[in-house]
Amino acid sequence: MKLATLKDGTRDGQLVCVSRDLARYTPAGSVAGTLQAALDDWETCADGLRELYDKVTLGAVEGEPFDQAGCMSPLPRAYQWADGSAYVNHVELVRKARGAQMPDSFWSDPLMYQGGSDSFLGPHDPILLGSEDWGIDFEAEVAVITGDVPMGVSPEAAGAHIKLIMIVNDVSLRGLIPAELGKGFGFFHAKPSSAFSPVAVSPGSLGDAWDGGKLNLALLSTLNDNLFGKPQAGEDMTFDFPTLIAHAAKTRPLSAGTIIGSGTVSNKDADGSPGRPVDAGGLGYSCIAEIRMIETINDGKPSTPFMRFGDTIRIEVLDEEGQSVFGAIEQTVTQYQGA
């Protein structure tokens, strides 16, 4: 099934079921008014939502035209947003950019930070920020929404708790990261509100593209109408989603509606090198920090600027038939003028 949350003037929006081709929707209020309400009672609600999805997909209900720009993130706010760094190639490059060494344990023990989850952006909302000097970057990622997860769950059992899959723009302010991490207490200012795809998709609706732990499709990032990255989300993922969920639940249970992110999707080149830009025949990158690091390695300094006011990022996944799977995140960086 495919679920979306429409803007309706309330904090948590209106839950709707969207047709497979993202053309039409039908309200889901007869089953659950919000996505969080559905997740809180998933065993009861899932069949009803799936029935509505089938009806709008097959045309058994007329539905209404689906406008992605009218969407909030599927969960406009969540009890928890924990973002991993499953693509260790990305971790290695970004740490090099900060002059930091990468411990060997990063290949066996996942990194994860707890992000702000009280004010997610809609997938077409502007990215409002106070200064270009903060080093504005996008990060294209995949994420899952869980049901209730018991503390100490094993990776083998964790996959059964994945209810929905999305894509993410985890906005990062690279200029603020070094000082924050230098305090030894993690991100805060450097991680403003994230945005998630217009629709969240159930694992069963992804077919062979979902193998139980990874999304096996390309994640496309287009910066100012130029294709910036097209890495395969299922490749070079050192830690799959069940492993990340088990890591998050090591010392605590996870409540229904917890979002777990993959971290920036990143592929190595065929020869094992960090990767090449799209215009050089490579798969490109899912954030600007990676290409800047590679430019530094090759040229001694970065040449690609971070995002500026007026820049637009589009993040999307297409299936084998060229149809959008989750809808598109499309956001423009805009100067914040104050309350």
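The values are calculated or read from the model by the stated rules, or taken from the named source; none is laboratory data. These numbers come from a predicted model, not from an experiment. A quick note on method: Cβ atoms are made from the backbone with ideal geometry, for glycine too, and the neighbour counts reach across all protein chains shown. The area values use the complete protein model at the heavy-atom level, side chains included, leaving out ligands, DNA and RNA. Shrake-Rupley method; radii C 1.70, N 1.55, O 1.52, S 1.80 Å.
For the reader, a short list of remarks on this structure follows.
- Net length available on complete extension from Tyr79 to Gln232 is 52.1 nm, with 0.36 nm assigned per residue and the Cα-Cα distance removed.
- The lysines within cross-link reach of Lys268, meaning a Cα-to-Cα straight distance under 19 Å and a gap of 8 or more places when in the same chain, are Lys96, Lys214, Lys230.
- Taking the 1.4 Å solvent-accessible surface of region 157-228 as the whole, the part contributed by carbon and sulfur is 57%.
- Residues whose amide H lies under 5 Å from that of Met72, counting only those 5 or more places away or on a different chain, are Thr5, Leu6, Lys7; hydrogens are built 1.01 Å from N in the peptide plane.
- Stretch gain in nm, segment Glu320-Gln101, where the contour uses 0.36 nm per residue and the Cα spacing is subtracted: 74.9 nm
- For the chain, the longest principal axis of the Cα atoms and the long axis of helix 288-299 meet at an angle of about 20 degrees.
- Overall Cα dimensions of the chain, principal axis frame, Å, largest first: 60, 44, 43
- Between the beta carbons of Asp8 and Tyr113, assuming R0 = 35 Å, the FRET efficiency works out to 0.65 to the nearest 0.05.
- Cross-link partners of Lys301 among aspartates and glutamates, defined as those whose alpha carbon lies under 13 angstrom from its own and excluding same-chain residues fewer than eight positions apart: Glu290.
- Applied to region 277-286, the Karplus parametrisation 6.51 cos²θ - 1.76 cosθ + 1.60 on θ = phi - 60° returns per-residue 3J(HN,Hα) values of x, 4, 6, 9, x, x, 8, x, 9, 9 Hz, with x for Gly and Pro.
- Per residue, region 150-238 exposes an accessible area of 42 Å² to a 1.4 Å probe, with every protein chain left in place.
- Annotation: extensible slack from Thr44 through Gln335 equals 100.4 nm (criterion: 0.36 nm per residue apart, minus Cα-Cα distance).
- Using R0 = 22 Å, the C-beta based FRET efficiency linking Arg308 and Asp225 works out to 0.90.
- Per-residue [θ]222 nm for the chain (sum of -39500 (n - 2.57) over DSSP H runs n ≥ 4, rounded to 500): -5000 deg cm²/dmol
- Straight-distance crosslink candidates among lysines, where the alpha carbon sits under 23 Å from Lys7 and sequence neighbours closer than 8 are dropped: Lys55, Lys163
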